[in-house]
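Following: one structure in structure tokens, then a few remarks.
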Amino acid sequence: MKALRNYIDKVKPNFMPGGKYEKLRSTFGGFETFLFTPNTTNQPGGVHVRDAVDLKRNIIVVVLALIPALLFGMYNTGYQHYHMTGETATFWETFGYGFLTVLPLLIVTYVVGLGIEFSVAQMRGEEINEGFLATGMLIPLIVPADVPLWMVAVATAFSVIFAKEVFGGTGMNIWNPALIARAFLFFAYPSKMSGDSVWYGAGEAVDGFTGATALSLAGSGNYETYSFNDAFLGFIPGSIGETSALAILIGAVLLLCTGVASWKTMCSVFVGGAVTAFLFNQFGPDIECLNPETGKMEINAVGAMAHLPWMQHLVIGGFCFGAVFMATDPVTSCRTETGKYIFGLLIGAMAIIIRVLNPGYPEGMMLAILLMNTFAPLIDHFIVGRNIAMRKNRVKANK
Amino acid sequence: MSDVIKLKKGLDIRLAGRSETVYSQVAASELYAIKPTDFHGLVPKVTVNVGDKVAAGSELMHDKQHPEIKLVSPVSGEVVAVNRGERRKVLEVVVKADGAPQTVNVGAADVKSLNREQVIEKLLETGAWPYFKQRPYNIVADPNAQFKAIFISTFDSAPLAPDYDFIISGNEADFQAGLDVLAKIAPVYVGIHNNGTSKAFSDAKGVTVTSFAGKHPAGCVGIQINHVNPINAGEKVLTIQPQEVVAIGKIFSKGELDFSRVVVVVGSEIKRKSYVRTTLGAQVSNMLKDNIASDNVRIISGNVLTGTAIPADGFLGFYDSQVTVIPEGDQYEFMGWLAPGFNKFSASHTFTAWLTGNKEYVLNTNTHGEHRAFVMSNELEKVLPMDIYPEFLFKAIMAQDIDKMIELGIYEVVEEDIALCEFVCTSKIALQKVLRNGLDLMIKEVG
């Protein structure tokens, strides 16, 4: 490591102001601090020792927590593909297919996202923020395997520029950048983001294969096509990283043990979702209703979703992934502890409400989180307002 | 005894280098200095010249706005230097001791027969008034102001801090005499540790005693004020430390001007960690002679959270009872953010320190990362046991929004109260500086 350090020290002057490659200063700094924790010391007027933790450490925990979902997502992509084509494949063939499908997505998001981050940091003359290391991992995990790479590139660029950098970069954004990327894809290219054909990669389907996701099946009253176990383990079609509740929960354990994600937010989302779904189970409209035109009893989509068992709700679609990795983003969630409970409960409730009451739009999690991201500062405003009121009352009581 | 206020929030940094409660003999220092930079809100006017002979207790400087506030020489001797910094700002006035006895008789006075004004006048005359700090803002107190209360914390919970139970032993009567003097100025509140042993503190007379339990910053007087009798807008309070109370007690009960102080010399780089009897403003070189284990160290007058870095021939700060020596951290570390970091201390659970029980850590001065915007939430709150939202307060200060700052409680905090917030801050923001800027802005705009 000494040699590497010496080499960096040797080339460093080229990147400093006045050097040959001054324009690449931020980029150089980014790589240097990536390799070596800087030698800066605490300055007068403040503490002399500091906690060992920094933002890089927190971000790397998030990336590690995403690994189980990523690996399973790769396997499941292959599994679903071979399931569609009806071919038989070994474990490694299955994983290999998924690996080759997902890897380009990962590379494209990181190259596009980091490219923009590096150039913006350079323009502002700032250090490069590590926030995108997590975002770049999240984006491929919440898109269908079949999405064209250029769309991912456009969506990533859109979210990094318009959801993050225009607000001032990591820590200043209002909405979760990864979800903005997904929302952008969803509304700009709906045909590539939902429906029955986007989850499997290229290839001819065998006869009788429908390809519908668990959520769209649930909307037609056929949720039993996928058992709770399949949905929990993740052998169902869906966005790359979202299908396996088990893999996501392994990540959740890491996030909670390290304290990087707030258990208050995470648990509140699950509680909010479970309670809302349970209420729909109890009091939702009937599954079948009379169609006045035909005079026959027909499946009613709202009723069908309302009677999807609450446990099933939590393991299908993007609910788990959103609760564990998206809602807990500290920047875009509430920053007060009481606020986190409200924020989480409302996300869970809102996600289920959108799923049930708007059957034309099966996935409620993304919009629920983005909606609550918008209201998080408002929730905090009222929580902090109570503290302000307490202080004012104390003054009055003293007079 | 009163009820115990248990503080759940806080953090004890498990810093290596604690001292046993023993004294060691150190040769008396030759040089002593008073540093006007220790007194916030004081504009010094130096009234001596280099070469002047001064007695212990005679004036070296006074405040330009309040000439009656004097900074006096702690020893008898000769002024050998007036060191100035940028724009001729006075940094320190150095006195070389001549070895004359250090206690000076100013005549005892019976506190009971004196009124409030006479007490304050005597404190001003003897140079003891700057022992007080005024809140809000942590500044030198205005002698003409009315104070709601005087607060004393009798235990220091900061890393490697001195044990006042130990320091005070032998001076119990003088401590009580000091309390009697303070009670003339305003009602006195004494905060004690629930495991404290000194009867001087727990059985203090004529004052309100409150017992606290919990991690640092339970010993910070600001935290105690917040739980006992919080500062509201428009109110002023005084704070003072136990050793200064003893000194004030001696002035009135015995007529002695006593500038002797006990400091604890600690830190992982100190060979012989111990308590040392010395004098206010003493040069630290004798305490550190043949006593530092490595070359590249930082010497701090005070503790690692709020102290001031001083050179090896620097001087004790006016309010400091501690000298800490820790390694400098100006080294690079390969992939430090990824390594398991078994030897690193962190309040966050991303390192293993939370699993290692009482293991003590050698901490250096490295920042362990670069400055970022606020990202993580609820880390500052966890180490501030007050009903304040620190992050929102800091953001209001950064935005220079004075109304918000007041609403969010800036009157109730000073740097030492939020020093732990700065320690744990993932984004490495200089929060004490941010707060100081906010306090200075408040002084300028609101007063």
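The values are calculated or read from the model by the stated rules, or taken from the named source; none is laboratory data. Computed from a prediction, not measured in an experiment: that's the story for all the values here. No Cβ is skipped: glycine too gets one built from the backbone with ideal geometry, and neighbour counts run over all protein chains shown. When the accessible area is computed, the model is the full protein with side chains, heavy atoms only, and any ligands, DNA or RNA have been set aside. Shrake-Rupley method; radii C 1.70, N 1.55, O 1.52, S 1.80 Å.
Given (1) closer than 20 Å to residue A:326 by Cβ; (2) surrounded by fewer than 18 Cβ atoms within 10 Å (Cβ to Cβ), identify the lone condition not met by residue A:152.
Failed condition: (2).
When the residues of region A:155-171 are filtered to those that are surrounded by fewer than 21 Cβ atoms within 10 Å (Cβ to Cβ) and modelled with pLDDT under 90, which remaining residue is nearest to the chain's Cα centre (by Cα)?
A:171
Please determine, by comparing only the residues of region B:322-335 that are in a loop (DSSP other than H, G, I, E, B) and either open to solvent by 30 Å² or more (accessible area, probe 1.4 Å) or over 17 Å from residue A:48 (Cβ atoms) (or both), which one is modelled with the highest pLDDT.
Across region B:322-335, the extreme among qualifying residues is B:328.
Please verify whether residue B:268 is more than 9 Å from chain A (Cβ to nearest Cβ) and assigned to a loop (DSSP other than H, G, I, E, B), treating the condition exactly as stated.
yes
Hey, could you check region B:305-320 for residues that are out of contact with any Gly (no Cβ under 8 Å at 6 or more places or on another chain) and either crowded, with 23+ Cβ neighbours inside 10 Å or closer than 26 Å to residue B:357 by Cα (or both) and say which is farthest from the other protein chains (Cβ to nearest Cβ)?
Looking at residues that are out of contact with any Gly (no Cβ under 8 Å at 6 or more places or on another chain) and either crowded, with 23+ Cβ neighbours inside 10 Å or closer than 26 Å to residue B:357 by Cα (or both), I get B:306.
Working only within region B:382-393, note down all residues that are surrounded by 20 or more Cβ atoms within 10 Å (Cβ to Cβ) and more than 7 Å from chain A (Cβ to nearest Cβ).
B:383, B:384, B:385, B:386, B:388, B:390, B:393, listed by residue number.
Which residue out of A:105, A:64 is surrounded by 14 or more Cβ atoms within 10 Å (Cβ to Cβ) and within 30 Å of residue B:11 (Cβ to Cβ)?
Within the list A:105, A:64, the selection yields A:64.
Can you confirm whether residue B:369 is at the interface with chain A (Cβ under 7 Å from one of its Cβ atoms), crowded, with 23+ Cβ neighbours inside 10 Å and without any contact (Cβ under 8 Å) to a residue 24 or more places away in the chain?
no
How many of the residues in region A:113-131 are within 18 Å of the chain's Cα centre (by Cα) and either free of Cβ contacts under 8 Å to residues at least 40 places away in the same chain or surrounded by fewer than 16 Cβ atoms within 10 Å (Cβ to Cβ) (or both)?
Count: 1.
Checking the conditions here, which among A:315, A:269 is under 30 Å from residue B:355 (Cβ atoms), buried (at least 18 other Cβ atoms within 10 Å of the Cβ) and in the same structural domain as residue A:366 (by TED's automatic domain parsing)?
After ruling out the rest, the residue left standing is A:269.
Please tell me if residue A:387 is free of Cβ contacts under 8 Å to residues at least 12 places away in the same chain, open to solvent by 10 Å² or more (accessible area, probe 1.4 Å), within 14 Å of chain B (Cβ to nearest Cβ) and not hydroxyl-bearing (Ser, Thr, Tyr).
It is true that residue A:387 is free of Cβ contacts under 8 Å to residues at least 12 places away in the same chain, open to solvent by 10 Å² or more (accessible area, probe 1.4 Å), within 14 Å of chain B (Cβ to nearest Cβ) and not hydroxyl-bearing (Ser, Thr, Tyr).
For the condition within 7 Å of chain A (Cβ to nearest Cβ), open to solvent by 10 Å² or more (accessible area, probe 1.4 Å) and either touching a strand residue (DSSP E or B) at 6+ places or on another chain (Cβ under 7 Å) or more than 26 Å from residue A:8 (Cβ to Cβ) (or both), what is the one hit in B:363, B:355, B:338?
Every option except B:363 fails the conditions.
Using the structure shown, decide if residue B:224 is in contact with a Gly (Cβ under 6 Å, 6 or more places away or on another chain), part of a helix (DSSP H, G or I) and either of a type outside the set (Gly, Ala, Ser) or farther than 23 Å from residue B:134 by Cα (or both).
yes
Got at least one residue in region B:389-400 being touching a Leu at 6+ places or on another chain (Cβ under 6 Å) and of a type in the set (Asp, Glu)?
Looking for residues that are touching a Leu at 6+ places or on another chain (Cβ under 6 Å) and of a type in the set (Asp, Glu), one finds at least one in region B:389-400, hence yes.
Looking at B:206, B:234, B:196, can you tell me which residue is surrounded by fewer than 20 Cβ atoms within 10 Å (Cβ to Cβ) and either assigned by TED's automatic domain parsing to the domain that holds residue B:433 or without any contact (Cβ under 8 Å) to a residue 24 or more places away in the chain (or both)?
Result: B:234 is the single residue among B:206, B:234, B:196 that is surrounded by fewer than 20 Cβ atoms within 10 Å (Cβ to Cβ) and either assigned by TED's automatic domain parsing to the domain that holds residue B:433 or without any contact (Cβ under 8 Å) to a residue 24 or more places away in the chain (or both).
Taking only region A:20-52 into account, find how many residues are open to solvent by 10 Å² or more (accessible area, probe 1.4 Å), over 35 Å from the mean Cα position of the chain (by Cα) and either within 7 Å of chain B (Cβ to nearest Cβ) or more than 30 Å from residue A:116 (Cα to Cα) (or both).
Residues in region A:20-52 being open to solvent by 10 Å² or more (accessible area, probe 1.4 Å), over 35 Å from the mean Cα position of the chain (by Cα) and either within 7 Å of chain B (Cβ to nearest Cβ) or more than 30 Å from residue A:116 (Cα to Cα) (or both): 4 in total.
Answer with yes or no whether residue B:402 is out of contact with any Gly (no Cβ under 6 Å at 6 or more places or on another chain), more than 9 Å from chain A (Cβ to nearest Cβ) and under 22 Å from residue A:395 (Cα atoms).
So residue B:402 fits the description; yes.
Which residues, taken from region B:430-447, are of a type in the set (A, V, I, L, M) and open to solvent by 10 Å² or more (accessible area, probe 1.4 Å)?
Residues satisfying the conditions are B:430, B:434, B:441, B:443, B:446.
Identify, please: which residue in region B:209-231 is open to solvent by 30 Å² or more (accessible area, probe 1.4 Å) and within 14 Å of chain A (Cβ to nearest Cβ) and is, among those, farthest from residue B:10 (Cα to Cα)?
Ranking the candidates gives B:229 first.
Strands (runs of 3 or more DSSP E) wholly in region B:64-111 with at least 1 residues that are of a type in the set (Asp, Glu) and within 26 Å of the chain's Cα centre (by Cα) - which ones?
B:90-97
Test residue B:214 against the criterion of being in contact (Cβ under 8 Å) with a residue 60 or more places away in the chain and closer than 27 Å to residue B:361 by Cβ, and give yes or no.
yes
Taking the condition assigned by TED's automatic domain parsing to the domain that holds residue A:344, modelled with pLDDT of 85 or more and of a type in the set (Val, Ile, Thr), does residue A:294 pass?
No: the conditions fail for residue A:294.
Restricted to region B:284-298, and to residues that are buried (at least 23 other Cβ atoms within 10 Å of the Cβ) and not in a loop (DSSP other than H, G, I, E, B), which residue is nearest to the other protein chains (Cβ to nearest Cβ)?
The qualifying residue nearest to the other protein chains (Cβ to nearest Cβ) is B:298.
Quick check on my filter: what residues within region A:139-181 are within 14 Å of chain B (Cβ to nearest Cβ), in a helix (DSSP H, G or I) and free of Cβ contacts under 8 Å to residues at least 24 places away in the same chain?
A:167
For region B:405-447, give me the residue count where each residue is of a type in the set (Val, Ile, Thr) and closer than 12 Å to residue B:380 by Cβ.
Counting residues in region B:405-447 that are of a type in the set (Val, Ile, Thr) and closer than 12 Å to residue B:380 by Cβ gives 6.
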